[in-house]
Amino acid sequence: MYQIGDLIFYGNTGVCKITDISPQKIPGSAKGQLYYTVLPLRQKCVIYSPVEGGRVFMRPIISREEAEQLIDKIPSIQAKACYSPALRQLKEHYEAALNSHDCAELVELTMSIYTKKQELEAQKRKFGSVDEQFMRRAEELLFGELAAALGISESEVPGYIEDRVSRGSGEGGTVQ
């Protein structure tokens, strides 16, 4: 069970903060059923999620150490662009990565779509709106979690990644 104040990754909403755990009067719920009151960090809304039997994916956000280790591995990731003649297959591929709720998958997804963008630009071809949409969404989810884990703003994340990768060894660690 999460505690008030915990930062969690909630479904495809991204990083949220648990602000309350209490019974809620929600139609169809059992009397006295406990709900998390969840506030997304990127949106202005309130989400009530059952403590027991919820259907939305939830997990604690990664730690600072895990975030730094992930960033340190970026140079070793071999990103391959995904091409598909069927738009539906491309969307399913991208959605599977987003729905993994895994930061490493999001890094790989953003890198593969960026690789595709570079390849298409080199061929003087248009970058697709589906690719653009999924790259933006993956970056939002990834940068949101990295920002929360590292204690920085989302706007600082790209620079932080660039700086850490360019240093090569991070702070006392080694690139793997």
Candidate set: region 157-172, residues that are of a type outside the set (Val, Ile, Thr) and under 14 Å from residue 75 (Cα atoms); chosen: the one modelled with the lowest pLDDT: 170
Leading residue by the ranking (surrounded by the most Cβ atoms within 10 Å (Cβ to Cβ)) among those in region 112-150 that are closer than 17 Å to residue 84 by Cα and among the hydrophobic types (A, V, I, L, M, F, W, C): 113
Region 18-55 - residue that is surrounded by fewer than 13 Cβ atoms within 10 Å (Cβ to Cβ) and of a type in the set (A, V, I, L, M) and, of those, nearest to residue 152 (Cα to Cα): 46
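Results for (1) of a type in the set (A, V, I, L, M); (2) assigned to a loop (DSSP other than H, G, I, E, B); (3) touching a residue at least 24 places away in the same chain (Cβ under 8 Å); (4) under 19 Å from residue 147 (Cβ atoms), shown as yes or no for each residue.
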site: 2; (1), (2), (3), (4): no, yes, yes, no
site: 5; (1), (2), (3), (4): no, yes, no, yes
site: 8; (1), (2), (3), (4): yes, no, yes, yes
site: 25; (1), (2), (3), (4): no, yes, no, no
site: 28; (1), (2), (3), (4): no, yes, no, no
All positions within region 14-23 that are closer than 21 Å to residue 150 by Cβ and in contact with a Lys or Arg (Cβ under 8 Å, 6 or more places away or on another chain): 14, 15
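The values are calculated or read from the model by the stated rules, or taken from the named source; none is laboratory data. Bear in mind the structure is a predicted one, so any value in this text is a computation, not a measurement. Neighbour counts are summed over all protein chains in view; Cβ atoms, including those assigned to glycine, are modelled from backbone coordinates with ideal geometry.
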